[in-house]
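Peer 1: Below is one structure. I have some questions about it.
The values are calculated or read from the model by the stated rules, or taken from the named source; none is laboratory data. Worth saying up front: this structure is predicted, and the values here are computed from it rather than measured. Cβ: placed from backbone, ideal geometry, glycine included. Neighbour counts: every protein chain shown. Remember, those area values only see protein heavy atoms, side chains included, never the ligands or the DNA or RNA. Shrake-Rupley method; radii C 1.70, N 1.55, O 1.52, S 1.80 Å.
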Amino acid sequence: MQVQSHRFKELAIKAIIDSRLQQNLRQIGETFRTRREQAFSEVKDPEALKDRAREVKERAIAQLPWLLEELETKVKRVGGHVHWARDAREANALIIAIAEEAQVHSVVKGKSMVTEEIGLNTALARHGIDVWETDLGEFIIQLAGEPPSHIIGPALHKNKEEIARLFSKKLDIPYTDDPQELTMAARRALRERFLKADMGITGANMAVAETGSVILVENEGNIRFCSTIPRIHISVMGIEKVVESLEDMATLLEVLPRSASGQRLSVYTSILTGLRRPNELDGPEEFHLILLDNRRTEIIKDPELRQILYCIRCGACLNVCPVYLKAGGHSYGWVYSGPMGSVLSALLLPDRLGRELPFASTLCGACRDVCPVKIDLPRLLIILRQRLAEEKGQEAGIGFVQRLASTIGSKVMARPTLYQFLSSTIRPPSKALHLLDERGVAGVGHIIPWARCRNFPQLKDPFSRKWPKLEKELAGARSNP
Amino acid sequence: MNRRSREIILNRLKSALPHRPSKAEAATKALEPQWLDITTSWEPLLDKLTSLSAVVRIARAKEEVKNFLENLTKKNQVRKAILSSAPFLERTGVGQILQEMDVMVQKASHKRSDFIEACSQAELGVTSAQAIVDESGSLILRAPQGSERAISLLPPIHLAVIEAKNRVAHVSDLVGMLRRWEAESPEGMLPSAVYLITGPSRTADIEFTLVLGAHGPKALYVLILDY
C-alpha cells in the first residue's frame, strides 16, 4: 500500500469533517472501551495481571536472540522450516520462492498486520499468485481496495450499506444490507477458496520458544482453515513476538482477548506445533515460519524505545485515543495507527515518512493507562519528538517566543471563563488575521489553521454578567499561580 | 543467502543485548491440570456456555443422550454426520444412536481428499474433547484423536462429547495438560494442533453486529456424559 503517513494532518482534517466517519469512530471507541472494561472487571487484580504480562514481554525481549535460536531448533525438530528475513523485500522473496517451488497458484490468508507491513499481497499478485483475505473485515477492505483502519476491526469504518453495495457489485449477489446475509455470502465465497487453495498464510500472535509452537487467536475460524486445509502453511512473524514458555503464553492469553475485544478468550485459540503427523488426515504437509526483522533490531538498541516491542497488537490504545477517535485509522497512512502506530510507524518507515505521527498526540496518557503490557507510550512519543527535532537540526531547547506563548497559554487554559472570553473575542479579528496572513506576517500562519477548525463561541451574556465570574477566577488564580 | 540473514539478525541482537539475563529460580512447571470434582456446581459453566450461544446438556443416562441428539438432528435437519474415530467416541455409542435416527454417519476415512469432501458435505461434525474449562466455557481439543481438526471446523454444526470428570477450573490448567501430552509423546513433542474452542464461530466486523458462523460452525453443542 502507498504510504501516506507524511500527510497525516491533511488526511485528519478530511476525516474530522466526515460526519459519518465520526459517528462510526464514536461507536468504535464506546463499544471497545465498554467491553474491555467489563472483561477486566472480572479479573481479581487487573494491575497485577498487567504487571505479569509486562514481565513476560520484558523477559522475552531481554533474551530475544537466544529465544529465537531455541524457537528455530524446536520448529525444525517438529518438521517445520525457519526462514530469517532482514526486511520486507527479503520476506516477500522467501514466500514467493516457497510458493514457486511448490507450484502454488492460490493462497488464502488470515488477518495479519505484519503481512500488511511487508506488502505481501501486492508482491504475490505481481507474481501471478491469487491471494484471498479470509477474515471478514479484511475481505471487505480487499474488495474495496482499502487499507485497514483498525487493528481489530479493519472494516469498522464502513457502514452496512457501503458493504452491501460492495458485495452486490463484487460478489454478484442481490443487494442486501443485512449483516447476517452479508456474512453468509462471504462464508460461501471463501469456503470454496479454502478448499481449493494450495497455501495458507497467517501471522502469529506469539511463538513459544520452549516447544516451537505458533499461537493464533481468532473468532471466525478462517485462521484455522488457513492452517488446516491447504497443504502448505506459512506463518509470518515479527521477531518480537516470541515468548519463552507455555506459562508465558497462558499469561498473554489472559490479557490479549480481554484487551482487544473484551472476551475472556477468543472463540478459537490454536496452538500449532509443526506439521501434520504421519497418522493424521488434516493439517499442513509443510510448515514454514518466517522471522521478520525489518528494523526491529534497530529499535531494540535503545533501552527506552525497546518497549514498543512489547506491543501485543490488542488495539486498546486506539480505542481510548482522542486523536485516533477523531482522525480515524486511515489518517495515519499506513498499517499501524493510533498511539502504538505513531511510535511504530515513525520507527519502521524509511525517509522520515512517519515524522508527523509522534506529534499527533495530546500526551493525555489514556493509552498508557489501558496498555495491557504497560508500555509508556507518551514517553516514547516525547523521545521520538526530540529525535525528529534534533534530526531537523533544531535546537533541543525551546525559544523565547515559544516559552512565552506556552506560559500565556497555560495560564489562560487554567481559567475557563477567561478562556471563553478570549475565544469569543477572536471572532471579529479572525478576518483581520486572514489579511495579515496573506500579507505574510510571521507567526500568523500557525494561528489560521488552528482557528479554522474551531467554532469560536459568541459572547452570549453581556460582559457585565460575565465579569464577576471572571474576576473571581483571576483573583483566585493570583493566590495559586 | 538465508544463513547470512540469520547471522546478521542474531549478531545485531547480541550486540544490543550482550548478556543473557541469568534465569531466575524457575517456578515448578505444571505437570498436571487440576481436575474438578463432578460434584462441584455446574451452574457457572452452564451459564458461560449459554451466554456464548452454545447448547449444553449434562446427560445422566443413555435416554438423555438419545433425547438430546433427537432434538439436535430435528432442529437442524441433519442428514449427514461425520464422526471422529477417537476411541472414546466409539465407546459412547453416539454414532450408532445417530444412525438409528436415520442420519448417514461417516467415519474419518483413510484418504484425505475423501475425508475433506465428507466434512464439506456433512451438516454435523462430532468430536470428543479432552477437557472443558469452567472459567471460560472452553473446550480443549487436540490432534490426532481421529482427525478432529477438520471435523470441528467444516460442518455447520459441531457436537463435542466429553466426560463429566474432564473438567478443569482455569484456562491456565491447559499448560499442565500440554506438558503431560509432551511427556507422553515418544518424541517429546506437543501434539501438532491443540485448540481451545470457546463458543461457535462469530464475527462483528460489520457495524459491530454479532453474526454466528462466519467460517467455522454456526452452532456448538456440548454433551457432557455423567454416567
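Peer 1: Return the total of residues in region A:298-319 being surrounded by fewer than 22 Cβ atoms within 10 Å (Cβ to Cβ) and among the β-branched types (Val, Ile, Thr).
Peer 2: Going through region A:298-319 one residue at a time, the tally reaches 1.
Peer 1: Next question. With the requirement that a residue be under 21 Å from the mean Cα position of the chain (by Cα), open to solvent by less than 10 Å² (accessible area, probe 1.4 Å) and at the interface with chain B (Cβ under 8 Å from one of its Cβ atoms), what does region A:237-254 give you?
Peer 2: Scanning region A:237-254 gives A:Ile239, A:Leu253.
Peer 1: Taking region B:187-221, which residues are touching a residue at least 40 places away in the same chain (Cβ under 8 Å), surrounded by fewer than 24 Cβ atoms within 10 Å (Cβ to Cβ) and hydrophobic (A, V, I, L, M, F, W, C)?
Peer 2: The answer is B:Val194, B:Leu196, B:Leu212, B:Ala219.
Peer 1: Among the residues of region B:118-130 satisfying the criterion of being more than 25 Å from A:Arg188 (Cβ to Cβ) and among the polar types (S, T, N, Q), which is least open to solvent (accessible area, probe 1.4 Å)? Steps first, please.
Peer 2: Our first condition is that a residue be more than 25 Å from A:Arg188 (Cβ to Cβ); within region B:118-130, this holds for B:128-130.
With the extra rule that they be among the polar types (S, T, N, Q), the set shrinks to B:128, B:130.
Numbers: B:Ser128: 4, B:Gln130: 42 Å².
Out of the qualifying residues, it is B:Ser128.
Peer 1: Please verify whether region B:79-96 includes one or more residues that are in contact (Cβ under 8 Å) with a residue 40 or more places away in the chain, more than 21 Å from the chain's Cα centre (by Cα) and closer than 22 Å to B:Pro200 by Cβ.
Peer 2: The answer is yes, given that some residue of region B:79-96 is in contact (Cβ under 8 Å) with a residue 40 or more places away in the chain, more than 21 Å from the chain's Cα centre (by Cα) and closer than 22 Å to B:Pro200 by Cβ.
Peer 1: In region A:16-30, what count of residues is obtained for those that are touching a helix residue (DSSP H, G or I) at 6+ places or on another chain (Cβ under 9 Å) and buried (at least 18 other Cβ atoms within 10 Å of the Cβ)?
Peer 2: Residues in region A:16-30 being touching a helix residue (DSSP H, G or I) at 6+ places or on another chain (Cβ under 9 Å) and buried (at least 18 other Cβ atoms within 10 Å of the Cβ): 4 in total.
Peer 1: A further question on this structure: So, in region A:153-185, exactly how many residues are more than 11 Å from chain B (Cβ to nearest Cβ) and either touching a Lys or Arg at 6+ places or on another chain (Cβ under 6 Å) or not aliphatic (A, V, I, L, M) (or both)?
Peer 2: The number of residues fulfilling the criteria is 8.
Peer 1: Cβ-Cβ distance below 9 Å, separation of 6 or more or different chains: which pairs start in region A:302-313 with a residue that is under 18 Å from A:Val370 (Cβ atoms) and end on one that is among the acidic types (Asp, Glu) and assigned to a loop (DSSP other than H, G, I, E, B)?
Peer 2: These pairs meet every condition: A:Gln307/A:Asp376.
Peer 1: Taking B:Val56 and the conditions (1) touching a residue at least 60 places away in the same chain (Cβ under 8 Å); (2) open to solvent by 40 Å² or more (accessible area, probe 1.4 Å), which numbered condition does it fall short on, given that it satisfies the others?
Peer 2: Status for B:Val56: all satisfied but (2).
Peer 1: Sticking with this one: Looking at region A:55-71, can you tell me whether even one residue there is more than 9 Å from every other protein chain (Cβ to nearest Cβ), within 28 Å of the chain's Cα centre (by Cα) and open to solvent by 10 Å² or more (accessible area, probe 1.4 Å)? Don't jump to the end; show me each part of the working.
Peer 2: Keep residues of region A:55-71 that are more than 9 Å from every other protein chain (Cβ to nearest Cβ), which gives A:55-58, A:60, A:67, A:70-71.
In the following step, the residues that additionally are within 28 Å of the chain's Cα centre (by Cα) were identified as A:55-58, A:60, A:67, A:71.
Restricting the remaining residues to those that are open to solvent by 10 Å² or more (accessible area, probe 1.4 Å) gives A:55, A:58.
Yes, region A:55-71 contains at least one residue that is more than 9 Å from every other protein chain (Cβ to nearest Cβ), within 28 Å of the chain's Cα centre (by Cα) and open to solvent by 10 Å² or more (accessible area, probe 1.4 Å).
Peer 1: Which count do you get for residues in region B:71-85 that are crowded, with 18+ Cβ neighbours inside 10 Å and in a helix (DSSP H, G or I)?
Peer 2: 2
Peer 1: Which condition number does A:Asp282 fail, the rest of (1) farther than 30 Å from A:Pro350 by Cβ; (2) open to solvent by 10 Å² or more (accessible area, probe 1.4 Å) being met?
Peer 2: So A:Asp282 meets the others, but not (2).
Peer 1: Which is farther than 23 Å from A:Ser213 by Cα, open to solvent by 70 Å² or more (accessible area, probe 1.4 Å) and out of contact with any strand residue (DSSP E or B) (no Cβ under 8 Å at 6 or more places or on another chain), of A:Arg52, A:Arg89, A:Arg77, A:Arg36?
Peer 2: Numbers: A:Arg52 fails: farther than 23 Å from A:Ser213 by Cα; A:Arg77 fails: farther than 23 Å from A:Ser213 by Cα; A:Arg36 fails: open to solvent by 70 Å² or more (accessible area, probe 1.4 Å).
Step by step, each of A:Arg52, A:Arg89, A:Arg77, A:Arg36 is checked, and only A:Arg89 is farther than 23 Å from A:Ser213 by Cα, open to solvent by 70 Å² or more (accessible area, probe 1.4 Å) and out of contact with any strand residue (DSSP E or B) (no Cβ under 8 Å at 6 or more places or on another chain).
Peer 1: Can you tell me which condition A:Lys374 does not meet? The list is (1) open to solvent by 30 Å² or more (accessible area, probe 1.4 Å); (2) closer than 22 Å to A:His6 by Cα, and all the others hold.
Peer 2: Only one criterion is unmet by A:Lys374, namely (2).
Peer 1: Determine whether region B:47-58 contains at least one residue that is within 14 Å of another protein chain (Cβ to nearest Cβ) and either part of a strand (DSSP E or B) or of a type in the set (D, E, K, R) (or both).
Peer 2: Looking for residues that are within 14 Å of another protein chain (Cβ to nearest Cβ) and either part of a strand (DSSP E or B) or of a type in the set (D, E, K, R) (or both), one finds at least one in region B:47-58, hence yes.
Peer 1: So which of B:Phe88, B:Phe68, B:Phe115 ends up being out of contact with any Ser or Thr (no Cβ under 9 Å at 6 or more places or on another chain), open to solvent by less than 70 Å² (accessible area, probe 1.4 Å), part of a helix (DSSP H, G or I) and aromatic (Phe, Trp, Tyr)?
Peer 2: B:Phe68
Peer 1: Related question: Checking the conditions here, which among B:Leu36, B:Leu89, B:Leu69 is at pLDDT below 95 and touching a Leu at 6+ places or on another chain (Cβ under 7 Å)?
Peer 2: B:Leu89
Peer 1: Follow-up. Condition check: within 14 Å of B:Arg202 (Cα to Cα), in contact with a helix residue (DSSP H, G or I) (Cβ under 7 Å, 6 or more places away or on another chain) and in contact (Cβ under 8 Å) with a residue 60 or more places away in the chain. Does A:Glu220 satisfy that?
Peer 2: Numbers: within 14 Å of B:Arg202 (Cα to Cα): yes; in contact with a helix residue (DSSP H, G or I) (Cβ under 7 Å, 6 or more places away or on another chain): yes; in contact (Cβ under 8 Å) with a residue 60 or more places away in the chain: yes.
So A:Glu220 fits the description; yes.
Peer 1: Here is a follow-up. Being in contact with a Leu (Cβ under 9 Å, 6 or more places away or on another chain) and more than 9 Å from chain B (Cβ to nearest Cβ) is the filter here; which residues of region A:126-141 pass it?
Peer 2: Kept after step one, since they are in contact with a Leu (Cβ under 9 Å, 6 or more places away or on another chain), are these residues of region A:126-141: A:130-134, A:136-137, A:139-140.
Scanning region A:126-141 gives A:Asp130, A:Val131, A:Trp132, A:Glu133.
Peer 1: Report yes if A:Leu381 is part of a helix (DSSP H, G or I) and either open to solvent by less than 10 Å² (accessible area, probe 1.4 Å) or aromatic (Phe, Trp, Tyr) (or both), otherwise no.
Peer 2: Details: part of a helix (DSSP H, G or I): yes; either open to solvent by less than 10 Å² (accessible area, probe 1.4 Å) or aromatic (Phe, Trp, Tyr) (or both): yes.
Here the answer is yes, as A:Leu381 does meet what is asked.
Peer 1: Being more than 11 Å from A:Gly274 (Cβ to Cβ) and more than 8 Å from chain B (Cβ to nearest Cβ) is the filter here; which residues of region A:73-83 pass it? Even if it seems obvious, please write down each step before you answer.
Peer 2: Pass one, region A:73-83, residues more than 11 Å from A:Gly274 (Cβ to Cβ): A:73, A:82-83.
Answer for region A:73-83, where residues must be more than 11 Å from A:Gly274 (Cβ to Cβ) and more than 8 Å from chain B (Cβ to nearest Cβ): A:Thr73, A:Val82.
Peer 1: While we're on this one: Take the residues in region B:91-108 that are open to solvent by less than 40 Å² (accessible area, probe 1.4 Å) and assigned to a loop (DSSP other than H, G, I, E, B), then tell me which one is farthest from the other protein chains (Cβ to nearest Cβ). Even if it seems obvious, please write down each step before you answer.
Peer 2: Keep residues of region B:91-108 that are open to solvent by less than 40 Å² (accessible area, probe 1.4 Å), which gives B:92-95, B:97-98, B:103, B:105, B:108.
Remaining after also requiring assigned to a loop (DSSP other than H, G, I, E, B): B:93, B:103, B:108.
Working: B:Gly93: 23, B:Val103: 22, B:Ala108: 6 Å.
The residue in question is B:Gly93.
Peer 1: Which of the numbered conditions does A:Glu42 fail, given that it passes all the others? Conditions: (1) at the interface with chain B (Cβ under 10 Å from one of its Cβ atoms); (2) at pLDDT 95 or above; (3) open to solvent by 50 Å² or more (accessible area, probe 1.4 Å).
Peer 2: Of (1) at the interface with chain B (Cβ under 10 Å from one of its Cβ atoms); (2) at pLDDT 95 or above; (3) open to solvent by 50 Å² or more (accessible area, probe 1.4 Å), only one is false for A:Glu42: (2).
One line per residue, one yes/no per condition, for (1) in contact with a Cys (Cβ under 8 Å, 6 or more places away or on another chain); (2) within 7 Å of chain B (Cβ to nearest Cβ); (3) among the β-branched types (Val, Ile, Thr):
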| residue | (1), (2), (3) |
| --- | --- |
| A:Arg187 | no, yes, no |
| A:Arg191 | no, no, no |
| A:Glu218 | no, no, no |
| A:Ser235 | no, no, no |
| A:Leu256 | yes, no, no |
| A:Ser270 | no, yes, no |
| A:Arg277 | no, yes, no |
